[in-house]
Amino acid sequence: MSFTKLTAYLDGLKEKYGVPSFDCVVQRGHERLYRHMGGFSDAAGTKPVTAQDEYRLFSCTKVITVTAGMQLVEQGKLFLGDPVAKYLPEFEEMTVREGEAIRPASTALTVEDLFTMSGGFNYDMGTPAFQELMARTDGQATTREMVAALAAGPLDFDPSTHFQYSLGLDVLAGIIEVVSGQTFGEYLNEHIFLPLGAQPVTFHLAPEVEKAHFSQMYEVDGAGHIVPFTFIHPRSTDLNYESGSGGLICKVDSYAPVADALACGGVGANGARILQAHTIEDMKRNRLSGVRLADFEKMGKAGYGYGLGVRTLIDKSASKGPVGEFGWDGAAGAYVALDTGHQLSIFYAQHVMGMGQDIEDIHCAIRDLVYEELGLAE
């Protein structure tokens with residue numbers, strides 16, 4: 001496959017949108033059909049992008065987190081219908097903010113609520129519980145301690161009643177630690193990345209690795225210009241916190257084998273199985289309707305519903321791909337698209353915070369160009 005249109009599109013991202021660098025991989029049935037990277041990984045423009053570059057995935061982490069969670073579901077160690085308090089007792093008595101009042105939650109928080117972003121959590125890390133924890137631990141709180149801080153604050157709504165994008169998958173990461181007896185990062189490497197022959201991933205780069213290989217991050221300033229990123233989120237500085245919602249850092253060549261395995265029924269190119277095929281089908285099944293689907297649609301992902309931690313295409317008219325294509329994206333522009341019917345995976349990385357056009361335009365264009373150039377457009 002020549003992928004001439006896709007290559008031309010990617011090479012034009014700098015001129016059209018100002019994207020300083022990118023890396024894109026397309027795989028089908030364990031065969032790497034396409035790899036194209038461009039731009040520079042440093043702000044000075046002296047280091048061309050290479051396969052050794054490390055990217056902060058932000059919410060593309062979520063696909064990995066729910067894969068880990070579904071492994072435990074398959075093994076009978078975790079159940080979607082269970083109350084979260086079965087694994088994390090601090091979530092036994094949750095409260096809900098209603099106007100100026102705080103009241104007891106009227107429904108129990110379940111594991112499935114975490115997967116479907118229906119738990120009532122948000123992304124506010126400025127709460128008194130978080131601030132007290134960070135001060136008490138001098139910024140060295142563990143994942144479990146951070147999750148306990150989430151339990152201390154009121155929810156925004158009763159569990160299962162709405163969809164709201166949030167830190168809920170951090171709570172799932174805490175459950176994975178309790179059930180497995182490992183840190184979240186140890187679990188991911190032992191049960192997902194290393195079995196597939198991928199290099200280990202991390203939540204915190206060693207200083208020498210960061211200096212040599214971390215791709216320069218950018219942000220969109222108030223004037224709409226792409227400039228070097230100046231703000232560091234607390235999740236990226238706390239050496240003990242491994243966020244299941246958005247903390248992973250890795251090379252494209254570490255994420256791509258997982259994407260390939262998920263697109264190929266849970267089996268990697270080396271024959272290692274990380275999930276059963278029926279589990280992946282269940283994971284990508286739309287779980288939202290009514291109010292929750294309306295809440296999700298406000299995120300602007302045209303044609304998609306939401307399964308267990310992943311978007312899933314439910315409206316064929318919105319894409320050149322098939323109903324059931326699934327995946328997610330990240331705040332700095334990372335994007336994964338998975339199609340089990342065609343055993344097709346796309347993984348794209350860039351490092352620009354707050355663009356907007358990445359999700360609205362770039363990701364959709366990459367997806368549709370891949371289907372078009374493979375002759376799979378529907």
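Could you tell me how many of the residues in the stretch 236-273 are assigned to a helix (DSSP H, G or I), open to solvent by less than 10 Å² (accessible area, probe 1.4 Å) and of a type in the set (S, T, N, Q)? Adding up the residues that qualify gives 1. Residue 212: of a type in the set (A, V, I, L, M, F, W, C) and either modelled with pLDDT under 95 or surrounded by fewer than 19 Cβ atoms within 10 Å (Cβ to Cβ) (or both), yes or no? Criteria met by residue 212.
May I ask you to say which residue of 360, 325, 281 is acidic (Asp, Glu), buried (at least 20 other Cβ atoms within 10 Å of the Cβ), within 23 Å of residue 256 (Cα to Cα) and under 19 Å from the mean Cα position of the chain (by Cα)? Let's see the steps before the verdict.
Working: 360 fails: buried (at least 20 other Cβ atoms within 10 Å of the Cβ); 281 fails: buried (at least 20 other Cβ atoms within 10 Å of the Cβ).
The conditions single out 325.
The residue pairs whose first member lies in the stretch 263-276 and is of a type in the set (Lys, Arg), whose second member is assigned to a loop (DSSP other than H, G, I, E, B), and whose beta carbons are closer than 9 Å, counting only pairs six or more residues apart or on different chains, are 273/265; 273/266.
Results for (1) over 24 Å from the mean Cα position of the chain (by Cα); (2) more than 16 Å from residue 251 (Cβ to Cβ), shown as yes or no for each residue.
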position	(1), (2)
15	yes, yes
34	no, yes
55	no, no
68	no, yes
101	yes, yes
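When the stretch 285-314 is examined, which residues are found to be basic (Lys, Arg) and either under 21 Å from residue 362 (Cβ atoms) or in contact with a helix residue (DSSP H, G or I) (Cβ under 9 Å, 6 or more places away or on another chain) (or both)?
Looking only at the stretch 285-314, we keep the residues that are basic (Lys, Arg), and these are 285, 287, 292, 298, 301, 311.
If the condition is that a residue be basic (Lys, Arg) and either under 21 Å from residue 362 (Cβ atoms) or in contact with a helix residue (DSSP H, G or I) (Cβ under 9 Å, 6 or more places away or on another chain) (or both), then 287, 298, 301, 311 are the ones that fit.
Give the residue that is farthest from residue 358 (Cα to Cα), with candidates limited to residues of the stretch 306-342 that are out of contact with any Lys or Arg (no Cβ under 7 Å at 6 or more places or on another chain) and of a type in the set (S, T, N, Q). Residue satisfying both the conditions and the ranking: 340. For the stretch 288-311, the set of residues classified as open to solvent by 20 Å² or more (accessible area, probe 1.4 Å), in a helix (DSSP H, G or I) and touching a residue at least 24 places away in the same chain (Cβ under 8 Å) consists of 291, 292, 293, 295, listed by residue number.
The values are calculated or read from the model by the stated rules, or taken from the named source; none is laboratory data. Small disclaimer: the values here were computed from a predicted structure and weren't measured. Counting neighbours? That spans all protein chains shown, and the Cβs are built from the backbone with ideal geometry, glycine included. Ligands, DNA and RNA are stripped out before the accessible areas are found, and what is left, the full protein with its side chains, is counted by its heavy atoms. Shrake-Rupley method; radii C 1.70, N 1.55, O 1.52, S 1.80 Å.
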